[in-house]
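Data first, discussion second: the structure below is written as structure tokens.
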Amino acid sequence: MNRDTICVQGGYTPGNGEPRQVPIIQSTTFKYATSEDMGKLFDLEANGYFYSRLQNPTCDIVAKKICELEGGTAAMLTSSGQAANFFALFNICEAGDHIVASSTIYGGTFNLISVTMAKMGITATFVDPLCTEEELDAAFQPNTKAVFGETIANPALTVLDIEKFAKAAHAHGVPLIVDNTFPTPVNCRPFEWGADIVTHSTTKYMDGHGAAVGGAIVDSGKFDWMAHAEKFSGLCTPDDSYHGITYAERFGKEGAFITKATAQLMRDFGSTQSPMSAYMLNLGLESLHVRMQRHCENGMAVAKFLESHPKVAYVNYCGLESSPYHALARKYLPNGSCGVVSFGLAGGREAASTFMKALKLAAIETHVADARTCCLNPASSTHRQMNDEQLRAAGVPAELVRMSCGLESSEDLIADIAQALDQI
Ligand SMILES: Cc1ncc(COP(=O)(O)O)c(C=O)c1O
């Protein structure tokens, strides 16, 4: 099926007389006639549900839709994008292991990898996404277990050369994990370019209405864990905590990763998505293809307007020909990227502050990828503890404004931006 059709109808085909809309199975637990029936579920010998911390039918329907959209073989929902990225990495990394990651990833993920996972004994090397193949190769260590990047990074808006990163990962016998939150599978399917695992903060465009925090992990089913069994013992040797199951043997390339993440990590960490949130996420997915088109049109219109304005020093948007990421965007994002644009005001910190105060339509929020346009000046909010020098080093200079273009009329958005620039 075409991606547009999957957005609307994927994951769920009701039978005769069954509900047309995805049912919300708001139940923590499920009833069985015999202990033997339930035992088979615990032994992963039968499919079914026993406790919603591990799996829930509503969540599975929505995960299936996201799986179909990405062209994967298995998927799961998580409580947030943070949980999705943590699970995707921790499913194959343990104390003593190492990750190679793009340096421009979302701050929360950067912190997760560089601080929290470091406390667990997992180290990382961060590389410039525009590094050469040789520089990328040099970042690997014998204990490297995964490569991580974002298709379009938040908030740097860099575009990942997925093929380059996949080639390097595979040359070292490890998978490439790509956070595909910003373009969504409507604008890019990383598996088609060699990525092995895809993650999402479904909180963003997939939900699209600022309604429900959530995440997702999708497996391409292509990475051959058994061919690198010495690196991935968690998948390729018996799991004592799960009745001695060897995931890669029992569930193959197609199912091992998600089965292990569900059976082991969901069981132990419980970062599950609620059925109600999954239902709302599905409502968002039903219009994702239509909304992404408008988000991209508005992003491009705003970026072009800003680029031509004398009070704007620079604009970061990969759709613009002036962007250093334009060639990568044409390759990986031919139908559009996303609605997030960032730009610097020529007047510096003070100009950014005046501009933000003067906006009428665009609201000040830490969020992005919402139906309503929102914006943020990191220097005066999320990064306010830093001085100008520290801000520059962190890639969020004082004059930078991140604007997430919503679904309003681009004429109205530009008029709002123009009047706010006039106030400077
Ligand atoms: C690219 C990206 N990945 C992951 C996350 C974390 O997602 P969540 O806020 O749903 O935990 C975010 C949040 O902004 C993000 O932008």
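The values are calculated or read from the model by the stated rules, or taken from the named source; none is laboratory data. All figures in this text were calculated on a predicted structure; none of them were measured in a lab. Using ideal geometry, Cβ is built from the backbone for each residue, glycine included, and neighbour counts are taken over all protein chains shown. These accessible areas exclude ligands, DNA and RNA; they are computed on the full protein's heavy atoms, side chains included. Shrake-Rupley method; radii C 1.70, N 1.55, O 1.52, S 1.80 Å.
Determine the order of D207, D412, D422 by accessible area, beginning with the largest, at a probe radius of 1.4 Å.
The ordering from most to least exposed comes out as D422, D412, D207.
I'm a student and want to see the number: the projected area of the Cα convex hull of the stretch 189-337, averaged over all directions, in nm².
So the mean shadow area of the Cα hull is 12.0 nm².
Just reorder S342, S35 by solvent-accessible area, largest first, 1.4 Å probe, all chains present.
In descending accessible area the options line up as S35, S342.
For the stretch 343-402, with only Lys/Arg (+1) and Asp/Glu (-1) charged at the beta-carbon, what is the dipole magnitude about the Cα centre, in debye rounded to 20?
Rounded to the nearest 20 debye, it is 160 debye.
Rounded to the nearest 5, what % of DSSP beta bridges with both residues in the chain are antiparallel?
60 percent
Can you put Y247, Y314, Y325 in order of accessible area, largest first, using a 1.4 Å probe?
Ranking Y247, Y314, Y325 by accessible area, largest first, yields Y314, Y325, Y247.
Mean residue ellipticity at 222 nm from the helices of the chain, using -39,500 (n - 2.57) per DSSP H segment of n ≥ 4 over the full residue count, to the nearest 500 deg cm²/dmol?
Helix contribution divided over all residues of the chain: -10000 deg cm²/dmol.
How about the stretch 190-252: which trypsin sites (Lys or Arg not before Pro) there are in a DSSP loop, with at most 16 other Cβ atoms within 10 Å of their Cβ?
When the trypsin sites (Lys or Arg not before Pro) of the stretch 190-252 are filtered for loop state and at most 16 Cβ neighbours within 10 Å, K222 remain.
Angle, helix 247-260 long axis vs. longest principal axis of the chain, Cα atoms, 0 to 90°, nearest 10?
Helix 247-260 sits at roughly 40 degrees to that axis.
Among G11, A346, F87, whose Cα sits farthest toward the positive end of the charge dipole of the chain (+1 at Cβ of Lys/Arg, -1 at Cβ of Asp/Glu, about the Cα centre)?
A346
Placing +1 on the Cβ of each Lys and Arg and -1 on the Cβ of each Asp and Glu in the stretch 289-422, which of H383, N335, Q419 has its Cα farthest towards the positive end of the resulting dipole?
Value: N335.
Express in nm, to one decimal, how much length is gained between E411 and M38 on full extension, taking 0.36 nm for each residue of separation and deducting their alpha carbon distance.
128.4 nm
Please sort 371-377, 118-124 by packing, taking for each peptide the average over its residues of neighbouring beta carbons within 10 angstrom, highest first.
Averaged packing, sorted descending, gives the order 371-377, 118-124.
How large is the convex hull of the C-alpha atoms of the stretch 289-422 per residue, in Å³?
So the per-residue hull volume is 100 Å³.
Out of the stretch 292-342, which GluC sites (Glu not before Pro) are coil in DSSP terms and have no more than 10 other C-beta atoms within 10 Å?
In loop regions of the stretch 292-342 (DSSP not H, G, I, E or B), the sparsely surrounded GluC sites (Glu not before Pro) are E321.
Going by amide H atoms built from the backbone, whose H comes under 5 Å of the H on I364, apart from near neighbours?
Residues meeting the criterion, in which the H sits 1.01 Å from N, are C375.
In what sequence, highest mean first, do 146-156, 384-394 appear when ranked by Cβ atoms within 10 angstrom?
Answer by packing, highest mean first, reads 146-156, 384-394.
Could you list the square roots of 5 times each eigenvalue of the Cα gyration tensor of the stretch 3-276, that is, the equivalent ellipsoid semi-axes, sorted largest first and rounded to whole Å?
30, 23, 16
Using the heavy atoms of the protein chains and a 1.4 angstrom probe, tell me the accessible area per residue for the chain in square angstrom.
Dividing the accessible area of the chain by its residue count gives 41 Å².
Quick check for me: using +1 on Lys/Arg Cβ and -1 on Asp/Glu Cβ, what's the dipole size of the stretch 289-422 about its Cα centre, in debye to the nearest 20?
Around 280 debye, computed over the stretch 289-422.
Enter the angle in degrees (range 0 to 90, nearest 10) between the Cα long axis of helix 410-422 and the first principal axis of the Cα atoms of the chain, meaning the one along which they spread out most.
It works out to around 50 degrees.
Let's see if you can work this out: charge +1 on each Lys and Arg Cβ, -1 on each Asp and Glu Cβ, no other charges. What is the dipole magnitude of the chain about its Cα centre, in debye to the nearest 20?
640 debye
On C-alpha positions alone, give me the angle between the axis of helix 81-90 and the longest principal axis of the chain, in degrees, nearest 10.
50 degrees
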